[in-house]
Amino acid sequence: MKTPLPDYLAHVIDACDTDNRGNLADYIPELANANPNRLALALSTVDGEIYSVGDDEIEFTIQSMSKPFTYAYVLQQLGIDAVLEKVGVEPSGEAFNEISLGKDRRPKNPMINSGAITTHSLIPPKEDVSGAEILRQFMSELAGRELQFDDAVYESEVKTAYRNLSIGYMLRTVGILESNPVDIVNGYIRQCAILVTVKDLVRMGSVFANGGVDPKTGKRLLNRAVVRQVLSVMMSCGMYDAAGDWLTTVGIPAKSGVAGGILGVLPGQVSIAAFSPRLDEHGNSVRGIDIMERLSRDMGLHLMEGTPSAQTIVQSHYRTGKDASLSVYVLRGVLKFTEAEMLLRTLQCEPDDNSSIVIDLSQISLIHDVGKRMFLEGIDRLIDDGHSLLLVDPEQRLDNARTHKDRVLHVYQNLEDLIEKHKEL
C-alpha cells in the first residue's frame with residue numbers, strides 16, 4: 001500500500017495553482033527575475049518523515065524566513081533575558097520594513113527588519129568567521145545538508161538597501177547597535193541570501209516541531225525554552241501586519257519571506273513549507289497563504305483546536321492465527337492527522353498478498369475527521385492490494401464501516417472473539 005498523503009498534497013497545490021494574484025518583489029532586482037509560476041509544497045512529520053510535491057527541488061533565497069533561525073541561535077547562545085534587553089516581543093502592526101521603534105527604543109520584535117538586524121548584531125563573534133557564515137553553518141545543520149549563499153541576490157539587495165541602512169543608523173543612534181551599522185546590515189542581508197528548498201525548510205522546521213531535537217539524528221540542537229520563545233513570536237509577529245488575520249484563519253506559527261516562501265510549524269505535529277513567488281501587499285506569498293489555509297482547514301491543524309497528539313498510534317503489532325495469517329494492529333490514543341500519517345506509513349509496509357489485516361480501534365478515544373478520511377483511504381488501498389480487512393470497532397464510528405468506495409468491511413465487537421472465530425475457519 002502506498003500512503004495517500006502525497007496524492008493529497010498534489011491535490012492541494014493543483015487547487016491553488018490557478019490563483020495568479022500578487023506581484024514579484026521587484027524592489028530587489030534579482031527577485032524581480034524569478035519565475036512567477038513556481039509552486040512547491042513540503043511537509044515534515046514530528047518524527048522526520050518528509051513529503052513534498054511540485055517544484056520541491058528548486059532553490060530560492062530564505063529571506064525573512066531566516067529570522068526565526070537567527071533568533072533561535074542567539075537565544076541559545078546568550079539566553080532569553082539577554083536578548084530581550086535588545087529586542088522586544090510585541091506585534092508591531094506595521095510593515096516589515098517600517099522605520100520605527102517601541103517606546104523603550106527597542107525594536108518591537110525580531111520578525112521585523114529592525115529587530116532582525118538587531119538580532120544579527122547579537123551573534124557571538126568567532127575569529128575569522130562572519131555572522132552570516134555562522135548562521136549558514138547552523139542552518140545547514142538543521143537542514144541536514146550544506147546550504148549555500150546566492151551571491152547574485154546578495155549583491156542585488158546590498159545595492160538597494162537604503163531602507164535597511166536607514167534602520168541600521170537609527171538603531172546605532174539610540175545605542176541598540178554597538179558597532180558599524182553598515183557591516184551589520186550587510187551581514188543581515190547576506191543571511192537572507194541563503195538558498196533553500198521547501199524540503200530544506202521543513203527539515204529545519206521539524207527541529208522546532210520536535211521541541212529542539214533533530215528527529216532524523218536524535219540530537220538536541222535547541223533548548224525547549226528557546227523553541228517555545230521562537231514559536232510564540234512567530235505566532236504573534238511572523239506574518240507582519242497580517243498576523244491577526246493569519247492567527248484566526250490558519251492558526252499555525254509561521255514566517256514568510258519575500259522570495260515567496262512560507263514556513264509553518266505546529267509544535268508536536270508538523271512543519272509545512274510552501275513556495276510561490278507572487279506576493280500580496282504585506283509581502284506574503286499569495287498562493288502560499290492559500291495552501292496554508294487549506295491545509296489548516298482540511299487537516300485540523302489550527303493551534304487553537306488544542307487536541308493533543310501522540311508520538312505513536314500503534315500500541316502493538318503481531319501475527320497470529322493459522323499459519324500466522326492474521327496481521328493484527330492494536331491502536332491506542334487519538335486518531336488525528338499526525339497519528340493517521342504514522343499508521344498509514346506503517347501499513348504501507350504490509351506485503352502485497354492476500355492476507356487478512358486486523359485493526360483494533362477499541363482503545364481509540366477520539367477520531368478526528370481528517371484522521372477518519374485518511375484511515376478509510378488507507379483501508380481502500382489495502383483492499384485494492386488484495387488484503388481482507390477486519391475491524392474491531394465496537395462503537396462503529398467509521399460510518400458503519402463503509403469506506404468512501406462503499407465497501408463493507410467485517411466489524412467485530414472485540415479482538416478476542418475475532419481471533420477465536422478466525423482460528424475456527
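The values are calculated or read from the model by the stated rules, or taken from the named source; none is laboratory data. All figures in this text were calculated on a predicted structure; none of them were measured in a lab. A quick note on method: Cβ atoms are made from the backbone with ideal geometry, for glycine too, and the neighbour counts reach across all protein chains shown. Calculation scope for accessible area: heavy atoms of the full protein, side chains included, ligands and nucleic acids excluded. Shrake-Rupley method; radii C 1.70, N 1.55, O 1.52, S 1.80 Å.
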On the full set of protein chains, 1.4 Å probe, figure out the accessible area of SER166 and give it in Å² to the nearest 10. 60 Å²
Descending Cα extents along the principal axes, the chain, whole Å: 85, 43, 36
Quickly estimate the mean residue ellipticity at 222 nm for the chain, helices only: each DSSP H run with n ≥ 4 gives -39500 (n - 2.57), and the total goes over all residues, rounded to 500. -12500 deg cm²/dmol
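Subtract the Cα-Cα distance of HIS317 and GLN348 from 0.36 nm times their separation in residues, and report this length gain in nm to one decimal.
9.8 nm
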Could you tell me the relative contact order of the stretch 221-316? Use alpha-carbon pairs under 8 Å, at least six residues apart, and round to a whole percent. 22 percent
With all protein chains present, calculate the accessible area of HIS282 using a 1.4 Å probe and round the result to the nearest 10 Å². 40 Å²
Tell me which of LEU9, MET299, ALA25 sits at the most positive position along the dipole axis of the stretch 4-299, charges placed on C-beta atoms (Lys, Arg +1; Asp, Glu -1). MET299
Over the stretch 314-422, what is the mean sequence separation of C-alpha contacts under 8 Å (at least six apart), divided by residue count, expressed as relative contact order in percent? 25 percent
Just flag the chymotrypsin sites (Phe, Trp or Tyr not before Pro) in the stretch 4-61 sitting in loop per DSSP whose Cβ has no more than 16 other Cβ atoms within 10 Å. TYR27
Net length gained if the chain between ASP17 and LYS421 were fully extended (0.36 nm per residue, minus Cα distance): 140.3 nm
ASP104 versus LYS219, label points 7 Å from Cα toward the beta carbon: distance in nm? 3.5 nm
Short to long, in 5 Å steps from zero, the percent of alpha-carbon pairs of the stretch 213-328 per bin is 2, 10, 17, 19, 15, 11, 8, 5, 4, 4, 3, 1, 0, 0
How about LYS336: which lysines have a C-alpha closer than 22 Å to its C-alpha, ignoring those fewer than 8 places off in the same chain? LYS2, LYS372, LYS405
Could you sort LYS255, LYS216, LYS372, LYS103 by their accessible area in this structure, using a 1.4 Å probe and putting the largest first? LYS103, LYS216, LYS372, LYS255
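To the nearest 20 Debye, how big is the dipole of the stretch 314-422 about its Cα centre, given +1 on the beta carbon of each Lys and Arg and -1 on that of each Asp and Glu?
Magnitude of the dipole: close to 180 debye.
Using 1/(1 + (r/R0)^6) with R0 = 45 angstrom and r between the beta carbons of ASN180 and ASN35, what's the FRET efficiency to the nearest 0.05?
With a Förster radius of 45 Å, E is 0.75.
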Considering only the chain, what is the antiparallel percent among its DSSP beta bridges, to the nearest 5? 70 percent
For GLU85, GLU416, what's the largest-to-smallest order of accessible area, 1.4 Å probe? GLU85, GLU416
With every protein chain in place, what's the accessible area of GLU30 (1.4 Å probe, Å², nearest 10)? 80 Å²
Return the sequence-ordered ³J(HN,Hα) values of the stretch 278-292 in whole Hz as given by the Karplus equation 6.51 cos²θ - 1.76 cosθ + 1.60 applied to θ = phi - 60°, using x for Gly and Pro. 6, 10, 8, 5, 8, x, 10, 4, 5, 6, x, 5, 4, 5, 5
Whole-Hz Karplus couplings 3J(HN,Hα) for the stretch 121-135, θ = phi - 60° and coefficients 6.51, -1.76, 1.60, Gly and Pro as x, run 5, 8, 4, x, x, 10, 4, 6, 10, 6, x, 5, 5, 4, 5
If you take the beta carbon distance between SER140 and ILE58 as r and set R0 to 22 Å, what does 1/(1 + (r/R0)^6) give as a FRET efficiency, to the nearest 0.05? 0.75
In degrees rounded to 10, the 0-90 angle between helix 5-16 Cα long axis and the longest Cα principal axis of the chain is 50 degrees
Charges at C-beta only: +1 for Lys and Arg, -1 for Asp and Glu. How large is the resulting dipole of the chain about its Cα centre, in Debye rounded to 20? 920 debye
Relative contact order (%) - the chain, alpha-carbon pairs under 8 angstrom, separation at least six: 18 percent
With a cut-off of at most 14 other beta carbons within 10 Å, and DSSP calling the residue loop, which trypsin sites (Lys or Arg not before Pro) in the stretch 218-248 qualify? Please list them. LYS219
Heavy-atom accessible area order for MET235, MET111, largest first, 1.4 Å probe: MET235, MET111
